[in-house]
Structure formats: C-alpha cells, structure tokens
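Read-outs: derived from the displayed coordinates by stated rules, not from any lab. Computed from a predicted model, the values in this text were never measured in an experiment. Cβ placement follows ideal geometry from the backbone for every residue including glycine, while neighbour counts extend to all protein chains displayed.
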Amino acid sequence: MTLKLGVPSKGRLMEKTFDWFAERGISIARTGSEREYSGAVEGVEGIELMLLSAGEIPRELASGRIHLGVTGSDLVQERIADWEHRVLALEPMGFGYADLIIAVPRCWADVDTLDDLDAAAAAFRAAHGHRLRIATKYHRLVRVFLRDAGVADYQLVDSQGATEGTVKNLTAEAIADITSTGETLRANHLKILSDGLIHRSQATLFKSRSAEYSDADRVNLRELLDRLGLGR
Ligand SMILES: Nc1ncnc2c1ncn2[C@@H]1O[C@H](COP(=O)(O)OP(=O)(O)OP(=O)(O)O)[C@@H](O)[C@H]1O
Ligand SMILES: O=P(O)(O)OC[C@H]1O[C@H](OP(=O)(O)OP(=O)(O)O)[C@H](O)[C@@H]1O
C-alpha cells in the first residue's frame, strides 16, 4: 500500500498547492503532458500523488480512497455529512481564501441583517404566495446557518454557477455564494448582510479518518508531516 495524497488537478488551488509543498521541501509535480492527470511526490518515500478535481477531494477523503487531500474547507464542510467525524483538518494553508455569505439586492433598503431577512421573507410569502428563494450550491451549510439564525420562511434553489445572476434573472430573490474580492457582488447590485458570513474558507490539508493505514503508511505519514513541520 502507498499513502495517497489528493491535490487539485487544475483551477485556482493547484499551483499554490504545489508551491506550498515546495516551500516545505516536498516537490510535487505533474508528470507527462499538461493535460495528463498524473503526478509524482519527491522527497518522501511511499506517497502516491492523485490529481483530482477540488470538488471531488472531499468525497475521496470521506470514502477513504485517499489518505490526505488538499481542498477548500468550504467544499469539505458542504460535501461531507458530519465532516468532523470523517476527516481531520491538519493545517490551514494560507491561500484560496473565500467567504461564503448571504447577499440580497442592494436596493432592499430595509434589509441589512438576518432578522431583517426573516421579516422580509414573511412579507414576501404573504405578498407572493410562495417563499423567498435563495440561490446557492452550498445547500447544507446554508440550511444549518439559517436554521441556527432562526430564519425559516425561505426555499433554496440550486445554482451551480453564475449564482449572482439569478437575482437579475428573477429565479431567486437572494443568494448564498463564495466571494473573495466582492467584484461579482458589486457588479450584480448585491450587498452582504452584516451578519451574513456563513463560513471563512481557505485551502486546507485534510487527513481521512476512514482510510486504512498500514504500518508502512503510518511511518511514511509521520515522515511527511515532520517534513511539513506538522509533526506532533
Ligand atoms: N473567487 C474566488 N476566489 C478565491 N477562491 C475561490 C473563489 N471562488 C471559489 N474559491 C475557492 O476555490 C475552491 C474551488 O476551487 P476551484 O474553483 O478551482 O475548483 P472547482 O472549479 O470548484 O473544482 P472542480 O475542479 O471540481 O471544478 C473552493 O474551496 C472555493 O472556496
Ligand atoms: O468576489 P469575487 O472575486 O468577484 O469572486 C466571486 C465569484 O467567484 C466564484 O465564481 P467562479 O469563478 O468559481 O465561477 P462560478 O460562477 O462558476 O462558480 C464565486 O462563485 C463568485 O461568483
């Protein structure tokens, strides 16, 4: 058995993940052509690199098909039910920052907080006969957050991309999505609720609690974590 390390194969987290390991003396790199999803880890024995989509890494960690994985904390918390029992967050990596927030149209002058949203949702239902729609791909995190905040009179509509556009397109009244610079929100005339921060995400190194670890894997894992300055 080898220890399997899953890293993003493309997208915004890939290069920075490679840099993060390189800064700590572990060289991970793609092998083959730019389009080939294979890679190698140099500097520590017994580790196999798996190049995966950032969005799939949570599932692979939860099922134990990979032992270690790098992905956004938002994706792990959204995609793994009971994530704290299935994976361990070993180290926040200091990049890939993004905030999962709730935003409403900037022109809603009376709505700045979750309490305001709750009141607006009740009024919306009375006026329109259906519940206020919040577009998101983060169903689990949004449901838990709004339940804890006491907001109930809404419905989620699924949006797998261009979520900020759903308000203009009249398929939702509010959104819950990731923001980093805030440009997309501004461009779509949306404002963040003052207490509408659901999760502060960043790229994080996770360890699977469900994977099988042979004696050799444990030795190699300890060696890797020591080299990364995470030995404890
Ligand atoms: N605008 C942004 N700025 C910085 N980080 C972001 C931004 N939008 C999303 N992210 C973060 O990037 C991570 C997802 O990375 P990326 O968008 O490269 O993958 P993806 O396209 O969702 O994955 P996949 O390869 O599965 O399609 C998430 O953890 C998310 O929080
Ligand atoms: O605050 P900003 O810097 O403007 O970034 C926020 C945007 O980035 C992400 O979209 P992404 O680029 O992943 O595309 P998507 O719409 O397909 O999710 C996110 O969903 C926002 O739309």
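Inside the range 105-135, can you point out the residues that are within 16 Å of ligand 2 (Cβ to nearest atom) and either surrounded by 19 or more Cβ atoms within 10 Å (Cβ to Cβ) or polar (S, T, N, Q) (or both)? Correct list: ILE134, ALA135.
Among strands (runs of 3 or more DSSP E) entirely within the range 95-158, having at least 3 residues that are within 16 Å of ligand 1 (Cβ to nearest atom), on the phi > 0 side of the Ramachandran plot and free of Cβ contacts under 8 Å to residues at least 60 places away in the same chain singles out no element at all.
Say we look at the range 168-179 and pick out the residues that are away from ligand 1 (no atom under 16 Å from the Cβ) and within 23 Å of the chain's Cα centre (by Cα); which of these is nearest to TRP108 (Cα to Cα)? Don't jump to the end; show me each part of the working.
First pass over the range 168-179, keeping only residues away from ligand 1 (no atom under 16 Å from the Cβ): 168-174.
Imposing the further condition that a residue be within 23 Å of the chain's Cα centre (by Cα) reduces the set to 172, 174.
Working: ALA172: 14, ALA174: 11 Å.
Filtering the range 168-179 for residues that are away from ligand 1 (no atom under 16 Å from the Cβ) and within 23 Å of the chain's Cα centre (by Cα), the one nearest to TRP108 (Cα to Cα) comes out as ALA174.
The set of residues from the range 7-45 being under 20 Å from GLY94 (Cβ atoms) and away from ligand 1 (no atom under 12 Å from the Cβ) comprises PHE18, ASP19, TRP20, PHE21, ALA22, GLU23, ARG24, GLY25, ILE26, SER27, ILE28. Restricting to the range 204-220, name every residue that is free of Cβ contacts under 8 Å to residues at least 12 places away in the same chain and assigned to a strand (DSSP E or B). Answer for the range 204-220, where residues must be free of Cβ contacts under 8 Å to residues at least 12 places away in the same chain and assigned to a strand (DSSP E or B): there is none. ASP177 falls short on exactly one of the conditions (1) without any contact (Cβ under 8 Å) to a residue 40 or more places away in the chain; (2) among the charged types (D, E, K, R); (3) touching a Lys or Arg at 6+ places or on another chain (Cβ under 8 Å), and that condition is (1). Figure legend. Inter-residue proximity from the range 1-30: first residues basic (Lys, Arg), second residues part of a strand (DSSP E or B), beta-carbon distance below 8 Å, spacing 6+ or different chains. Indicated pairs: LYS4/ILE47; LYS4/GLU48; LYS4/MET50; LYS4/LEU68; LYS16/ALA203; ARG30/SER38; ARG30/GLY39; ARG30/LEU51. Restricted to the range 180-204, and to residues there that are closer than 27 Å to MET93 by Cβ and away from ligand 1 (no atom under 13 Å from the Cβ), the residue that is surrounded by the most Cβ atoms within 10 Å (Cβ to Cβ) is GLY196.
Checked against (1) touching a residue at least 12 places away in the same chain (Cβ under 8 Å); (2) under 16 Å from ALA203 (Cβ atoms); (3) loosely packed, with under 15 Cβ neighbours inside 10 Å, ILE57 passes all but a single condition, namely (3). Considering the conditions (1) of a type in the set (Ser, Thr, Tyr); (2) over 25 Å from PHE124 (Cα atoms); (3) within 15 Å of ligand 2 (Cβ to nearest atom), THR171 is excluded by exactly one of them, (2). Looking only at residues in the range 67-89 that are in contact (Cβ under 8 Å) with a residue 24 or more places away in the chain and charged (D, E, K, R), the one that is nearest to ligand 2 (Cβ to nearest atom) is ASP74.
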